[in-house]
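As structure tokens, the structure follows; a few thoughts come after it.
The values are calculated or read from the model by the stated rules, or taken from the named source; none is laboratory data. A quick note: this is a predicted structure, and the numbers were derived from the prediction, not measured. We place every Cβ from the backbone using ideal geometry, glycine too, and count neighbours over all the protein chains shown.
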Amino acid sequence: MLGTAITIWAAFQNFGKFNIVIALAIATIKATLVVLYFMHARYSPKRTQLVIVCSVFWLAIMLALTLADYDTRPHEGRLASANTCYHA
Amino acid sequence: MHRTGDLYGHFQTLEQQKETATLGMWIFLVTEVLFFGGLFLTYTINRSAFSTAFGIGSNTLDITLGAGNTVVLIMSSLTMAMAVWSAQVGKKKLVSIFLIATLGLGTVFLGVKAIEYKQKFDHHLVPGRSFDMKYHPTHPMPGDDPKELALEKKEVEEAFAHDPDINAHGQLYFSLYFGMTGLHALHMIVGAGLLLWLIKGSFAGRFTPQYNTPVEIVGLYWHFVDIVWIYLFPLLYLIDRHR
Amino acid sequence: MSNTPPAPDNELPDTHYLNATYGSGIRSWLLTTDHKRIALLYLASVTVFFFIGGVLATMIRIHLLTPTGALVTPETYNKLFTMHGVAMIFFFLIPSIPAVLGNFLIPLMIGAKDLAFPKVNLLSWYIYILGGSFVLYSFGTGGLDTGWTFYTPLSSVYSNSAVTPAVIGIFINGFSSILTGLNFIVTIHTMRAPGMTWFRLPLFAWAHYATSLVMILGTPVIAITLLLAGLERMFHLGFFNPALGGDPILFQHLFWFYSHPAVYIMILPAMGVVSEIIPTFARKPIFGYAFIAGSSIAIAVIGFLVWAHHMFVTGESTYAALTFSFLSYLVAIPSAIKVFNWTSTLYKGSISWDPPMIYALGFIGLFVIGGLTGLFLACLGLDIHIHDTYFVVAHFHYIMVGGAVMGYVGGLHFWWPKITGRLYPESLSRAAAVVLFIGFNLTFFPQFILGYLGMPRRYHTYPPEFQVLNVLSTAGASILALGYLLPMIYLTWSMRYGKVAGQNPWPATGLEWKTDSPPPTENFHVTPEVTWEPYDFQNRPDLGLSAGARPLAPAHGDD
């Protein structure tokens with residue numbers, strides 16, 4: 001609950017380009033608490049903890065490597081690169 | 001396979017059965033992480049390209065309803081956890097009470113979402129032929145705050161000047177909004193169904209300290225659905241509120 | 001060991017899972033939760049899709065006999081190769097070994113009575129049938145012409161074929177895969193018999209564990225991707241449509257994030273089959289057990305890091321291309337480790353040329369060719385030249401047909417005595433294996449040359465100078481078809497007229513061979529307790545080898 005209040009307050013602050021980082025960080029803290037305590041991950045066997053870590057890791061792989069492609073391309077304010085052979 | 005009491009025939013002990021069921025649910029949740037993950041990736045790529053449209057789209061969402069829903073859902077996670085605890089300590093009546101509370105809160109969440117969806121429909125913000133981000137500011141609805149409406153109109157006009165394709169890009173935002181919250185709501189409806197099944201079982205006194213696996217694994221599922229919303233809320237509602 | 005004396009070797013046991021009476025006739029099959037019966041349900045269904053895919057392939061090869069295309073219109077040709085791909089990949093290759101052999105054998109191999117979630121197993125099959133029905137409906141009402149890769153915006157906007165039902169069907173089918181993988185992982189973790197430690201597991205089980213990891217981590221992504229593409233098509237949304245601000249490359253990233261690991265779903269189980277067959281017919285413990293087990297997991301993990309090597313020519317950034325190229329070279333290493341280990345197992349082994357062994361040896365040779373040509377494709381400069389040519393087509397057919405399908409057919413031959421209690425005609429089956437091998441090479445080797453010379457894939461015509469090689473390929477295809485038809489015939493024949501197999505005809509060392517053929521419904525009359533290491537031919541007096549005609553090989557050659 002406290003977390004949600006902080007989230008909204010933080011949203012109305014302007015941290016410049018860290019906005020998204022702060023918002024996601026708060027969400028992650030909330031999510032971690034749910035996983036650890038509501039889902040009893042803290043008291044679960046190591047295997048369960050490994051399963052949780054792996055799922056997050058795989059999601060990270062998908063996001064990171066895809067963004068690695070997009071972020072290292074020339075930016076033109078639209079998604080598709082102008083080098084591909086179609087015209088919007 | 002045949003069942004003697006709570007033990008299915010292909011297991012050796014109740015302990016093995018519970019371990020199996022729990023691991024099974026965790027692995028299912030892994031698949032859900034990757035399933036929603038694809039949507040989150042699509043969101044990330046689209047938002048970084050069209051931040052203006054996403055900002056405006058986000059500002060049309062009602063933050064009170066969104067925040068309220070977040071609180072409701074987290075509370076329902078709490079009552080779900082309490083239901084599991086009650087089963088583990090053998091307080092059968094409490095199990096039913098907490099399960100019903102969870103279902104109730106979940107229904108409130110879905111009701112609020114329905115209201116929000118209707119609002120979007122009225123404002124011509126549902127992707128499709130009648131989508132138009134300029135519609136609401138120029139067609140006030142009863143109950144609209146004129147000051148906020150004027151602000152919205154200004155924002156939309158500025159954005160149009162900056163990005164003439166704002167309707168197309170705004171549609172991307174709203175497609176993702178409806179897609180992600182819709183998928184989430186679908187999961188909640190399934191969860192509600194599971195809760196109903198559990199409530200029925202709890203009235204029959206099925207859940208004891210020796211056997212409460214169904215409550216526990218539905219609990220895991222419910223908490224997961226909560227976590228998805230915990231990420232959806234800031235990503236959809238809080239993109240550009242600092243203005 | 002069991003209290004019930006094993007059936008004598010020349011008689012089938014009195015009751016087993018096939019004639020067990022719980023319910024009557026067809027209902028007891030359609031509502032079964034016995035993993036062995038479910039495996040046979042899958043066997044029937046995947047064979048139907050294999051047949052459909054095969055007919056489509058036949059039409060493609062006949063059409064390509066002449067440079068200007070003799071058989072069908074260009075639009076129909078597009079539909080032929082698309083539907084061939086969809087049927088074969090999603091409805092044959094991905095389920096085949098896991099859903100047929102994996103379902104049947106994994107509980108037997110680990111000493112369990114069934115999988116962890118028997119009802120979920122049955123649900124898996126019904127989901128497969130439902131998904132398959134949607135796709136067959138799509139095939140029947142206009143077909144599909146987008147390529148099995150469904151690239152947008154062709155699939156989501158412009159195609160006039162029945163894309164939506166096909167996408168729904170594949171989406172649904174994905175859940176069949178996910179549930180099977182989930183079942184296997186949980187089963188292997190929690191249902192092993194006493195004494196069956198992780199490092200006593202047969203390598204078939206390790207292979208399926210790794211495959212299941214890929215299934216559960218990858219399949220959800222293609223599910224959401226196809227869902228988005230389908231929604232885009234139905235509601236004119238814009239995720240992947242450049243005219244509405246969307247990005248086709250995003251579709252490709254999402255699609256290949258699953259579809260590359262999917263090829264490991266297809267090959268890892270076949271590698272598991274080979275790891276069982278080779279030690280059995282070399283009468284030697286497998287060389288480097290831990291390395292084979294570990295390399296299965298390594299392939300599963302690294303396989304998730306290479307997907308954009310399918311996108312080198314799409315305009316992806318140079319840095320991304322370099323990364324994915326490097327990682328693609330890396331993923332070849334664990335596969336190579338396996339090949340070295342299999343070869344070392346054969347060294348100074350006591351080799352016998354039973355039909356499963358011919359398939360396994362064929363696998364090794366063809367997989368090496370297919371795998372090495374994958375490295376050609378992973379090389380950025382070379383890929384520019386051979387991408388979207390027949391070189392790629394030959395490469396993946398070497399792996400998927402020369403590899404995965406040979407593994408599947410070889411596995412069926414290896415475990416057929418256990419599944420049915422009967423043996424099949426030996427000389428005929430050896431001949432069929434050789435026919436398959438020859439037909440396969442004649443079909444696909446010319447395609448490497450065609451691709452290198454520049455013949456593009458997915459084109460309904462080609463320059464006339466390529467005709468000879470195309471004719472060779474089609475001729476090979478007819479021999480290949482014979483190689484598949486022969487086993488379908490004699491295996492079916494053997495179910496009624498084959499010689500009774502007995503418990504352990506080869507003999508092999510796995511736990512599954514210590515129960516009747518066919519096994520009883522509960523798999524083992526008494527829960528086994530495992531006290532021996534896998535593939536340990538030296539210390540298994542119960543196999544009756546020392547009294548037999550063929551000598552045991554020494555454990556590691558002349559040390």
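Here are the numbers for this structure:
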{"quantity": "Pair list, Cβ under 8 Å, 6 or more apart: the range C:308-327 residue free of Cβ contacts under 8 Å to residues at least 24 places away in the same chain and more than 7 Å from chain A (Cβ to nearest Cβ), other residue crowded, with 21+ Cβ neighbours inside 10 Å and not in a helix (DSSP H, G or I)", "calculated": "C:Phe324/C:Val306"}
{"quantity": "Cβ pairs under 9 Å, 6+ apart, first in the range C:208-234 and more than 19 Å from C:Phe304 (Cα to Cα) and within 8 Å of chain B (Cβ to nearest Cβ), second hydroxyl-bearing (Ser, Thr, Tyr) and in a helix (DSSP H, G or I)", "calculated": "C:Leu228/B:Thr42; C:Leu228/B:Ser175; C:Leu228/C:Ser156; C:Leu231/B:Ser175; C:Leu231/C:Ser156"}
{"quantity": "Sole exception among (1) part of a loop (DSSP other than H, G, I, E, B); (2) within 13 Å of another protein chain (Cβ to nearest Cβ); (3) surrounded by fewer than 24 Cβ atoms within 10 Å (Cβ to Cβ) for C:Gly147, by number", "calculated": "(2)"}
{"quantity": "Selection status of A:Ile52, in a helix (DSSP H, G or I), under 14 Å from B:Ile227 (Cβ atoms) and at the interface with another protein chain (Cβ under 8 Å from one of its Cβ atoms)", "calculated": "yes"}
{"quantity": "Selection within the range C:408-439 - crowded, with 22+ Cβ neighbours inside 10 Å and without any contact (Cβ under 8 Å) to a residue 40 or more places away in the chain", "calculated": "none"}
{"quantity": "Of all residues making up the range B:1-20, the number that are among the polar types (S, T, N, Q), surrounded by fewer than 18 Cβ atoms within 10 Å (Cβ to Cβ) and in a helix (DSSP H, G or I)", "calculated": "1"}
{"quantity": "Residue satisfying condition, being in contact (Cβ under 8 Å) with a residue 12 or more places away in the chain, within 14 Å of another protein chain (Cβ to nearest Cβ) and assigned to a helix (DSSP H, G or I), within set C:Ser138, C:Ser124, C:Ser133, C:Ser96", "calculated": "C:Ser124"}
{"quantity": "Lone unmet requirement of (1) within 9 Å of another protein chain (Cβ to nearest Cβ); (2) in a helix (DSSP H, G or I); (3) touching a His at 6+ places or on another chain (Cβ under 9 Å) for C:Gly238", "calculated": "(2)"}
{"quantity": "Residue match in the range B:171-178 (condition: more than 14 Å from every other protein chain (Cβ to nearest Cβ) and part of a helix (DSSP H, G or I))", "calculated": "no"}
{"quantity": "Hey, B:Phe98 more than 9 Å from every other protein chain (Cβ to nearest Cβ), touching a Leu at 6+ places or on another chain (Cβ under 6 Å) and in a helix (DSSP H, G or I) or not", "calculated": "no"}
{"quantity": "Conditions (1) crowded, with 24+ Cβ neighbours inside 10 Å; (2) within 30 Å of B:Ile166 (Cβ to Cβ): number failed by C:Ile278", "calculated": "(2)"}
{"quantity": "Residue match in the range C:518-525 (condition: over 23 Å from C:Leu43 (Cβ atoms) and modelled with pLDDT under 90)", "calculated": "yes"}
{"quantity": "Condition broken by B:Thr208, with the remaining ones in (1) more than 8 Å from every other protein chain (Cβ to nearest Cβ); (2) assigned to a helix (DSSP H, G or I) satisfied", "calculated": "(2)"}
{"quantity": "Out of C:Leu480, C:Leu486, C:Leu453, C:Leu442, sole residue that is in contact (Cβ under 8 Å) with a residue 12 or more places away in the chain and surrounded by 20 or more Cβ atoms within 10 Å (Cβ to Cβ)", "calculated": "C:Leu480"}
{"quantity": "Residues located in the range B:42-55, provided they are β-branched (Val, Ile, Thr), more than 7 Å from chain C (Cβ to nearest Cβ) and touching a residue at least 24 places away in the same chain (Cβ under 8 Å)", "calculated": "B:Thr52"}
{"quantity": "Checking C:Met266 against (1) surrounded by fewer than 24 Cβ atoms within 10 Å (Cβ to Cβ); (2) under 24 Å from the mean Cα position of the chain (by Cα), the condition it does not meet", "calculated": "(1)"}
{"quantity": "Any chance A:Arg42 is at pLDDT 70 or above and more than 10 Å from chain B (Cβ to nearest Cβ)", "calculated": "yes"}
{"quantity": "B:Ala87, sole failed condition from (1) under 20 Å from A:Leu36 (Cα atoms); (2) buried (at least 23 other Cβ atoms within 10 Å of the Cβ); (3) under 18 Å from the mean Cα position of the chain (by Cα)", "calculated": "(3)"}
{"quantity": "One residue from B:Thr4, B:Thr79, B:Thr64 being over 30 Å from B:Lys118 (Cβ atoms) and more than 11 Å from chain C (Cβ to nearest Cβ)", "calculated": "B:Thr4"}
{"quantity": "Test: residue in the range B:229-239 that is within 12 Å of another protein chain (Cβ to nearest Cβ) and not in a helix (DSSP H, G or I)", "calculated": "yes"}
{"quantity": "The one condition in (1) more than 11 Å from every other protein chain (Cβ to nearest Cβ); (2) more than 26 Å from B:Phe40 (Cβ to Cβ) that C:Thr190 fails to fulfil", "calculated": "(1)"}
{"quantity": "Set B:Leu39, B:Leu23: member being free of Cβ contacts under 8 Å to residues at least 60 places away in the same chain and either assigned to a helix (DSSP H, G or I) or more than 12 Å from chain C (Cβ to nearest Cβ) (or both)", "calculated": "B:Leu23"}
{"quantity": "Evaluation of B:Leu183 against (1) surrounded by fewer than 20 Cβ atoms within 10 Å (Cβ to Cβ); (2) over 15 Å from the mean Cα position of the chain (by Cα) (one fails), failing number", "calculated": "(2)"}
{"quantity": "Qualifying residues in the range C:51-72 (those that are free of Cβ contacts under 8 Å to residues at least 60 places away in the same chain and not aliphatic (A, V, I, L, M)) - the one surrounded by the most Cβ atoms within 10 Å (Cβ to Cβ)", "calculated": "C:Gly53"}
